[in-house]
DNA sequence: TGCTCTTTTTGCTGTAAATCAAACCAGCCT
DNA sequence: AGGCTGGTTTGATTTACAGCAAAAAGAGCA
């Protein structure tokens, strides 16, 4: 499968030869994930509570809305989608998560997860049992602080998304998503320009509050205007500056 | 001023006779705010680090985007609006905060606030210096847990808002806001039906991704259909079930 | 290789909300 | 009172996107 090959090229190498990798200290995502700014002995203590499970396949759920909250998760390889379903069955994709990113903060409040989490392709995650993480956070001040930071960043991110949904037109929403993905790939030392979208048009549209037709039409238009090039899920960003401009044009 | 009289009627009495009230243990908002599920000695320790300042007047800023992050805040009386401004100057109202609610979690991640906070009417807040709160959280496990819970609930709330902005039509958005306010008033043992909106049509529209004209028209229509009654900022919810239905109708 | 099923693209038409514009209203100041 | 200001309502028109439909392109499988 093409996507796993891409993973192997993406800086997540330490994780791929065994899938159950040995430790956080060996992981080349540690600069992005939880152990950031922790010293070696503390990383080892964190490492001991982390559970590394078999990889998920596309469509596998990590947990579902209503499941009791036990753990948070760091993405090790692949890509993950989170979505919530309201009482009437309306679905909303709430985020896409790439290697090095941490998810699952919903559900601490109530004890039950408020959203569902599904793999978009073959993916692996590190599971961090929350009770043990809380204990450890009491002992390692930098870990507690880092947890607050991660949740704070999630909140800021969600606010940015509220602005996108509330104020931007279709082009702006698409451009915002593409640039966000680009930045996150670049952070892992991957190309900021050429990428393979991990999600379907359906998922993009749901996330951005657009229909698949509008997503498709908008991508086609941007292609025609030579701002990007589109071939199915393969995207090349050809004019970052123009994309930036589109991000800020109002609806 | 009418709004301060309303405050005095709203269950925040313990705070109003002196504005600088003595302690958390005396505050009748303690069931909503931080000290929930803490025992008396721990509440007193928390109480000691809390700073109670002079009340804010309508339009006063608590902090502004870019200010260095120092504290989080609990609303004691009145009402507060948070908003972010992106690089191009597009504004997005990201939330309204009522007595007993905690705000300011943005900015832990970067050390600088990502949004601005302004009082919608005469309001008072408890300021909780974050460094000292972190120290205390290391010593009081339930406090640490409660902090995680508060932030988690903020995240779930924001996700719900993403769904509202992404999937609901104008009526659904308005209905969602009205019911949210109603629930939050009811939690403080105030009327779930009759309320005075603390925010302008402008703020409602900005928050909900609608123009003021659409907000006004939608409220008028709901009034005409006898679902609510509107007189300026005075609102009476007359048909909760219908509002619930509107919440779930798609765009 | 051909067949089925799903996803994506493209065209055409309708509509909810934006936009433009003007009237209305409630405070507030002189 | 009377005029001024900012917020709100209402009306007429435009438009970006939704909704429907059908073609095109992949993806999976015998």
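The values are calculated or read from the model by the stated rules, or taken from the named source; none is laboratory data. Keep in mind the model is a prediction, meaning the values are calculated, not measured. Backbone-built Cβ (ideal geometry, glycine too); neighbour counts: all protein chains shown.
Anything in the stretch A:96-138 that is free of Cβ contacts under 8 Å to residues at least 40 places away in the same chain and either under 19 Å from residue A:59 (Cα atoms) or away from chain B (no Cβ under 11 Å) (or both)? List them, or say none.
Once the filter is applied, which keeps residues that are free of Cβ contacts under 8 Å to residues at least 40 places away in the same chain and either under 19 Å from residue A:59 (Cα atoms) or away from chain B (no Cβ under 11 Å) (or both), the stretch A:96-138 yields A:97, A:103.
Look through the stretch A:121-178, keep the residues that are within 16 Å of DNA strand C (Cβ to nearest atom) and under 15 Å from the mean Cα position of the chain (by Cα), and return whichever of them is surrounded by the most Cβ atoms within 10 Å (Cβ to Cβ).
Going through the qualifying residues, I end up with A:178.
Does residue B:110 satisfy the condition of being more than 19 Å from residue B:182 (Cα to Cα), touching a helix residue (DSSP H, G or I) at 6+ places or on another chain (Cβ under 6 Å) and surrounded by fewer than 19 Cβ atoms within 10 Å (Cβ to Cβ)? Even if it seems obvious, please write down each step before you answer.
On the way: more than 19 Å from residue B:182 (Cα to Cα): yes; touching a helix residue (DSSP H, G or I) at 6+ places or on another chain (Cβ under 6 Å): no; surrounded by fewer than 19 Cβ atoms within 10 Å (Cβ to Cβ): yes.
Here the answer is no, as residue B:110 does not meet what is asked.
Filter the stretch B:38-50 down to the residues that are buried (at least 18 other Cβ atoms within 10 Å of the Cβ) and assigned to a loop (DSSP other than H, G, I, E, B) and list them by number.
B:38, B:50, listed by residue number.
Scan the stretch B:158-177 residue by residue and report those that are more than 7 Å from chain A (Cβ to nearest Cβ) and free of Cβ contacts under 8 Å to residues at least 12 places away in the same chain.
Passing the criteria: only B:160.
How many residues does the stretch B:148-157 hold that are within 7 Å of another protein chain (Cβ to nearest Cβ) and touching a residue at least 24 places away in the same chain (Cβ under 8 Å)?
If we filter the stretch B:148-157 for residues that are within 7 Å of another protein chain (Cβ to nearest Cβ), which is where we start, we get B:148-149, B:151-156.
Those left that are additionally touching a residue at least 24 places away in the same chain (Cβ under 8 Å): B:151, B:154.
Residues meeting the conditions: 2.
Anything in the stretch A:207-229 that is touching a strand residue (DSSP E or B) at 6+ places or on another chain (Cβ under 9 Å) and more than 10 Å from DNA strand D (Cβ to nearest atom)? List them, or say none.
Scanning the stretch A:207-229 gives A:207, A:219, A:220, A:222, A:223, A:227, A:228, A:229.
Within the stretch B:179-250, which strands (runs of 3 or more DSSP E) (wholly inside it) include 2 or more residues that are more than 21 Å from the chain's Cα centre (by Cα) and either within 14 Å of DNA strand C (Cβ to nearest atom) or within 14 Å of another protein chain (Cβ to nearest Cβ) (or both)?
Because the criterion is at least 2 residues that are more than 21 Å from the chain's Cα centre (by Cα) and either within 14 Å of DNA strand C (Cβ to nearest atom) or within 14 Å of another protein chain (Cβ to nearest Cβ) (or both), the strands (runs of 3 or more DSSP E) in the stretch B:179-250 that meet it are B:228-231.
Does residue B:53 fit the bill of being farther than 30 Å from residue A:137 by Cα, buried (at least 22 other Cβ atoms within 10 Å of the Cβ), modelled with pLDDT under 95 and in contact with a strand residue (DSSP E or B) (Cβ under 9 Å, 6 or more places away or on another chain)?
no
Anything in the stretch A:180-197 that is out of contact with any strand residue (DSSP E or B) (no Cβ under 7 Å at 6 or more places or on another chain) and touching a residue at least 60 places away in the same chain (Cβ under 8 Å)? List them, or say none.
Passing the criteria: A:184, A:187, A:188, A:189, A:190.
Check off (1) modelled with pLDDT of 95 or more; (2) surrounded by 23 or more Cβ atoms within 10 Å (Cβ to Cβ); (3) more than 13 Å from chain B (Cβ to nearest Cβ) for residue A:67 and give me the number that stays unchecked.
Checking residue A:67 against (1) modelled with pLDDT of 95 or more; (2) surrounded by 23 or more Cβ atoms within 10 Å (Cβ to Cβ); (3) more than 13 Å from chain B (Cβ to nearest Cβ), the one that fails is (2).
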